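Read-outs: derived from the displayed coordinates by stated rules, not from any lab. Predicted model, so just to flag it, every value in this text is computed and none were measured. Backbone-built Cβ (ideal geometry, glycine too); neighbour counts: all protein chains shown.
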Amino acid sequence: MTVGVFQTLLAVRPPGWLAWQDACYILLPDKMNWWQGEDVCDRPGSSLVVPDSQEEQDFIWREMKARIQAFGANISSDLELWIRCRDVDNKGALSCYGVDGDPDYKNWGHDEPNKFEHICVRMAEKFNGQWGDIL
C-alpha cells in the first residue's frame with residue numbers, strides 16, 4: 001500500500017487534518033505512484049511532505065501508521081509514503097521541494113539510496129519509516 005501525505009500552512013486546521021508546529025497534514029489513503037501523489041498534493045500552499053527534522057519525520061510516520069490502523073488496515077512491509085524528494089536528472093543528486101541544494105535533513109534506511117536509476121523517495125515500513133529510493 002502506498003499513501004500520500006501532504007502539508008500546507010494554514011491559519012485554521014481543516015477537519016480531518018493533523019496539526020504539527022506551523023503546518024497541517026492529511027493522509028490520503030489511496031494507492032498512487034509518486035507522480036500521482038505529486039499531482040494530487042500540488043495545490044496552492046500545499047505539497048507532498050518533505051520532513052526537515054527527525055521530530056517531524058517521527059510525527060508523520062507515527063500519525064500515518066495510526067491513521068492506517070484507524071481505517072482498519074494492517075501495517076504491512078509494503079507500506080510506503082511518498083515524500084517530495086527525487087533525483088531530477090537521474091544522476092544521484094537529491095532534490096527536495098522548497099530546499100535549495102542538498103537538504104540538511106535526510107533519513108536514509110540501511111544501504112539507501114542504493115540505485116542511481118531510482119529517482120523517487122519514500123518512507124517505508126521495510127526501513128522502519130526511514131527513506132528509500134525507488135523507480
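Quick notes
- Set of aspartates and glutamates near residue 31 by C-alpha distance (under 19 Å), chain-local residues within fewer than 8 positions excluded: 39, 42, 63, 78, 80, 125, 133
- Residues whose amide H lies under 5 Å from that of residue 87, counting only those 5 or more places away or on a different chain, are 95, 120; hydrogens are built 1.01 Å from N in the peptide plane.
- Sorting 133, 87 by the number of Cβ atoms found within 10 Å of their own Cβ, with the fewest placed first, yields 87, 133.
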